[in-house]
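Chemist: What follows is a structure written as structure tokens; I'll ask about it next.
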Amino acid sequence: MATSNIFPSWLAPRVLSVVRLVAGLLFLQHGLQKLIGIPPTDHAPAMFSLFWFGGIIETVTGALIAIGLFTRPAAFVASGTMAVAYWMVHAPQGPFPANNGGDASILFCFLFFYLIFAGAGPWSADQRKF
């Protein structure tokens, strides 16, 4: 039985660029919240703590991924950071990500892992096509 694809294949690279941009901006927001409290939070980490360094990584890699500059290396670092965050912070709180608060870490980890192989897409500084 033949199947038809209702979405044109030329959209796939552009959708990749949009997904990369949104993921990078969300990751950047997590980093800025840890570093400078934007958006405001009651859980600001202590300076030079492991969470604070995580905020630096999230801010830098989130910005790079959002603009699509050095996307693959930034995604590699971001994916590894989220794997460490899950296993160090969330997994000890229980086996189920929906209960231990680790679902966002897992999603970021695997989304960035995908970007390591897929690249930034056509709308990126890596491709220089704006």
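Chemist: With (1) in a helix (DSSP H, G or I); (2) within 16 Å of Val22 (Cβ to Cβ); (3) of a type outside the set (A, V, I, L, M, F, W, C) as the list, and Ser124 as the residue in question, which single condition is left unmet?
Modeler: Looking at each condition in turn, Ser124 falls short on (1).
Chemist: Taking the conditions exactly as written (at pLDDT below 95 and of a type outside the set (Asp, Glu)), does Ala78 satisfy them or not? Spell out the reasoning first.
Modeler: On the way: at pLDDT below 95: no; of a type outside the set (Asp, Glu): yes.
Answer is no for this residue.
Here is a yes/no grid of residues against (1) within 13 Å of the chain's Cα centre (by Cα); (2) under 25 Å from Ser17 (Cα atoms):
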residue	(1), (2)
Phe51	no, no
Thr71	yes, yes
Ala75	yes, yes
Ala83	yes, yes
Met88	no, no
Gly94	no, no
Tyr114	yes, yes
Ala118	no, yes
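Chemist: I'm trying to understand the selection: among the residues of the range 66-100, which are among the small types (Gly, Ala, Ser) and in contact with an Asp or Glu (Cβ under 7 Å, 6 or more places away or on another chain)?
Modeler: Initial filter on the range 66-100 (among the small types (Gly, Ala, Ser)): 66, 68, 74-75, 78-80, 83, 85, 91, 94, 98.
Passing the criteria: only Gly68.
Chemist: Helices (runs of 4 or more DSSP H) wholly in the range 1-111 with at least 2 residues that are buried (at least 16 other Cβ atoms within 10 Å of the Cβ), touching a residue at least 40 places away in the same chain (Cβ under 8 Å) and out of contact with any His (no Cβ under 6 Å at 6 or more places or on another chain) - which ones?
Modeler: Correct list: 11-36, 50-67, 71-85.
Chemist: Being closer than 17 Å to Phe76 by Cα, assigned to a helix (DSSP H, G or I), aliphatic (A, V, I, L, M) and touching a residue at least 12 places away in the same chain (Cβ under 8 Å) is the requirement here; does Leu115 meet it?
Modeler: yes
Chemist: Answer yes if at least one residue in the range 113-127 is closer than 20 Å to Val15 by Cβ, surrounded by 15 or more Cβ atoms within 10 Å (Cβ to Cβ) and of a type in the set (D, E, K, R), and no otherwise.
Modeler: yes
Chemist: Given the conditions (1) modelled with pLDDT of 95 or more; (2) over 30 Å from Ala12 (Cα atoms), and given that Pro45 satisfies all but one, which numbered condition is not satisfied?
Modeler: The failed condition is (1).
The values are calculated or read from the model by the stated rules, or taken from the named source; none is laboratory data. All values reported here derive from a predicted model rather than from experimental measurement. Glycine also receives a Cβ, built like all others from the backbone with ideal geometry; neighbour counts cover every protein chain displayed.
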